[in-house]
Amino acid sequence: MAKITFITSDGKATTVEGTSGTVMELAVQNKIKGIDGDCGGVCSCATCHVHVNPEQWGITGEPDELESDMLEFDDNVSEYSRLSCQLKVSDALDGLELTVAN
Amino acid sequence: MTTTKSQVCVVIGASHAGVNFAFNLRREGWEGEIILYDIDTEFPYHRPPLSKAYLTSKDETDQSLLFPKENYTTDNITLKLGVGVERFNREEQSILLSNGSIQSYDKLIIATGARPFMPPIKGIETAKNLFPMRTAEDAINIRKAFKGSKEKRVVVIGGGYIGLETAASLKKLGASVVVLEREARILARVTAPVMSQFFTQLHQNNGVEILTTKNVVSIEPNGGCNMVVCDDGSQFEADLIVVGVGIQVNTELAQEAGLVIENGIKVDETARTNDENIYAIGDCTYHYNPHYNCCLRLESVQNAVDQGKTAAKAICGEAVIYDAIPWFWSDQFDVKLQMVGLSIGYNNIVVRDEEAENSFSAWYFKDDELLAVDAVNFAKAYVLGTKFIKSGQKLDKSKISDISIPFKPNSFLAE
């Protein structure tokens with residue numbers, strides 16, 4: 001089980017719990033504003049873009065090539081950008097703090 | 001407008017458009033009832049994976065849901081599955097359901113989508129193990145028939161995205177696959193010849209036989225399987241046949257109710273029909289696109305979701321117009337194709353080949369205006385193409401095709 005905190009554009013922090021699936025799915029399930037996951041999680045729409053708390057970058061790791069290509073020219077990109085559809089919920093993500101990019 | 005608790009919004013069709021509309025309507029502040037009807041009995045699911053990951057997944061119950069079940073409860077969205085709609089009465093603002101009951105509405109949303117077009121081929125009705133690929137049931141049927149077949153000879157009729165994705169998935173599972181395309185090249189309706197050539201090669205390299213100018217005229221019983229016969233006399237044995245030759249838009253209900261039909265249900269920029277209380281969204285609509293200055297009917301997830309969001313905002317009183325740039329994707333073997341824009345009317349094309357194998361992009365222009373980009377295993381071109389299409393910036397085509405020029409936003413602007 002992992003507790004993950006989402007900080008949305010209005011500054012609100014919401015902590016939710018998940019055991020399986022992707023972080024995007026967890027966010028959609030909990031109606032986190034700014035995470036839509038329109039393409040269903042196949043790294044095609046970038047509507048699930050998050051910034052990882054820099055201190056926790058080691059927990060999520062680097063994006064793969066497709067994901068980093070999707071992110072590189074995104075208006076809100078940072079060096080800690082990830083697409084949350086590519087993050088699998090697991091115990092390893094417990095305590096993760098994500099700022100929603102859109 | 002302000003919404004009230006006594007109002008009822010009825011949605012016909014619980015797939016990408018209808019379901020996303022419903023959740024967005026709630027998010028936009030609709031206080032009344034929201035009722036979704038669909039004749040499909042499966043809990044609303046993502047369609048794109050059916051021809052891709054779902055076919056090759058180990059678990060056949062592994063459907064990817066659009067929204068988790070509990071969200072319908074927490075958002076108070078009533079889902080009525082396995083219920084068809086017979087007709088609607090615009091004067092009384094009500095719909096007649098297949099179970100005989102009547103449901104009244106304040107706002108009605110038509111998200112009826114489309115159904116597979118089954119071509120008038122002799123013997124198609126009686127062919128064994130012949131399926132289209134659109135619903136979860138279709139995908140489940142294909143899985144079952146494939147599993148139960150000893151020789152696993154598959155004939156795919158139609159070389160469009162659905163046919164090619166299904167061919168790739170079944171090939172991965174060990175089938176012998178022949179794709180029969182009526183036109184001179186696959187993907188003829190939607191892409192440039194350079195893309196058709198690439199995908200033909202990709203399939204052939206993976207052992208799928210792609211045959212063009214093959215017009216299927218009959219399907220005959222052949223022992224325990226089928227014989228697919230073309231007008232040039234060629235014949236193909238098939239244990240399983242998948243038909244993917246396009247769709248037929250579900251406009252009948254709208255038409256009988258007197259709504260304007262023009263290649264689909266005609267809607268304005270807020271997704272509203274000619275009846276102020278009825279909206280239509282998704283594959284079934286014919287709508288104006290401001291960017292391309294033309295009317296379109298689109299078969300895509302993007303259109304379904306975005307038009308649903310627009311209708312939800314419009315109903316809740318927000319000044320909004322639907323002006324999205326269309327995007328699409330397709331997965332075949334290890335290739336990810338991402339497309340943005342509409343290439344209709346292009347008169348020249350620029351291809352940029354990346355150094356990595358099977359990685360390139362095709363840029364469709366009308367004179368100097370960028371209309372669309374197809375990116376193969378190169379998402380950067382898809383993302384940057386989207387930006388350029390939106391901004392309308394003038395581009396230097398010779399720079400796009402020159403791979404010694406780094407792929408950066410400012411690299412390709414005209415001087």
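Normalised by the residues of chain B, what does the relative contact order come to in percent, with Cα pairs under 8 Å and at least six apart?
Relative contact order here is 14 percent.
Mind checking the full-extension length gain between B:Asp62 and B:Gln255? Use 0.36 nm per residue of separation minus the Cα-Cα distance, one decimal, nm.
That pair, B:Asp62 and B:Gln255, stretches by 65.8 nm at full extension.
PRE reach from A:Lys12 (point 7 Å along Cα→Cβ): which of the range B:25-45 fall under 19 Å by backbone N?
B:25-32
Label the range B:279-328 by shape, choosing from rounded, prolate and oblate, from the square roots a ≥ b ≥ c of the eigenvalues of the Cα gyration tensor; if a/c is under 1.5 it is rounded, and otherwise prolate applies when a/b is larger than b/c, oblate when it is not.
prolate
Name the long-range amide H neighbours of B:Ser64: under 5 Å, sequence gap of 5 or more, or other chain; modelled H, no Pro or chain starts.
For B:Ser64, the qualifying residues are B:His46.
So how long is each side of chain B along the principal axes, counting just the alpha-carbon atoms, biggest first, in Å?
Its Cα atoms span 67, 60, 37 Å along the three principal axes.
Could you compute the FRET efficiency for B:Lys5 and B:Glu318, with r as their C-beta to C-beta distance and R0 at 22 Å, rounded to 0.05?
Here the calculated transfer efficiency is 0.65.
Taking just the C-alpha trace of the range B:5-149, give me its Rg and Dmax in Å.
Cα radius of gyration and Dmax of the range B:5-149 are 17.5, 54 Å respectively.
Please say if the protein assembly as shown is rounded, prolate or oblate, where rounded means a/c under 1.5 for a ≥ b ≥ c the square roots of the C-alpha gyration tensor eigenvalues, and otherwise the choice is prolate for a/b larger than b/c and oblate otherwise?
rounded
Magnitude of the Cβ-charge dipole of the protein assembly as shown, K/R +1 and D/E -1, about the Cα centre, nearest 20 debye?
760
What is the list of residues in the range B:136-172 whose amide nitrogen lies under 16 Å from a point 7 angstrom out from the Cα of B:Ile39, following Cα to Cβ?
It comes to B:136-138, nothing else.
What is the mean projected area of the alpha carbon convex hull for the range B:280-415, to one decimal in square nanometres?
Result: a mean projected hull area of 9.3 nm².
Residue by residue through the range B:238-249, what is 3J(HN,Hα) from phi via Karplus (6.51 cos²θ - 1.76 cosθ + 1.60, θ = phi - 60°)? Round to whole Hz and write x for glycine and proline.
Each residue's phi maps through the Karplus curve to give 9, 7, 9, 10, 10, 9, x, 10, x, 10, 10, 6 Hz.
Going through the range B:120-177, which GluC sites (Glu not before Pro) have at most 12 other Cβ atoms within 10 Å and a DSSP loop state?
Passing both the DSSP loop test and the Cβ count: B:Glu125.
Note down the net charge around A:Val89, summing +1 for each Lys or Arg and -1 for each Asp or Glu among other residues with Cβ under 13 Å from its Cβ.
Residues close to A:Val89 contribute a combined charge of -2.
Taking the Cβ of A:Phe73 as the centre, find all other residues whose Cβ is under 9 Å away and add up their charges (Lys, Arg: +1; Asp, Glu: -1).
The answer is -1.
Provide the gained length on full extension for the span A:Asp94 to A:Ile59, in nm with one decimal, where the gain is 0.36 nm per separating residue minus the Cα-Cα distance.
11.7 nm
Evaluate the relative contact order of the range B:334-400 (contact order divided by residue number), counting alpha-carbon pairs under 8 angstrom at least 6 apart; express in whole percent.
Contact order relative to length: 33 percent.
Roughly speaking, what is the centre-to-centre gap between the range B:253-300 and the range B:68-123 when only Cα atoms are used, to the nearest Å?
17
What is the calculated FRET efficiency for B:Arg115 to A:Thr19, with r their C-beta to C-beta distance and R₀ = 30 Å, to the nearest 0.05?
The pair B:Arg115/A:Thr19 has a calculated efficiency of 0.20.
How far is the Cα center of the range B:357-375 from the Cα center of the range B:145-208, in Å?
Value for the Cα centre distance between the two parts: 24 Å.
Kirkwood Rh, the range B:130-245, all Cα pairs: how many Å?
14.1
Quote to one decimal, in nm, the extra length available between B:Glu31 and B:Lys408 on full extension: 0.36 nm per residue of separation minus the C-alpha distance between them.
Working it through step by step, the gained length comes to 131.1 nm.
For chain A, rounded, prolate or oblate, judged on the Cα gyration tensor with a ≥ b ≥ c (square roots of eigenvalues), a/c < 1.5 rounded, else prolate if a/b > b/c?
Cα axes put chain A in the rounded bin.
Read the figures in this text as sums done on the coordinates, not as results from a lab. These numbers come from a predicted model, not from an experiment. Note: ideal-geometry Cβ built from the backbone for every residue, glycine included; neighbour counts use all protein chains shown.
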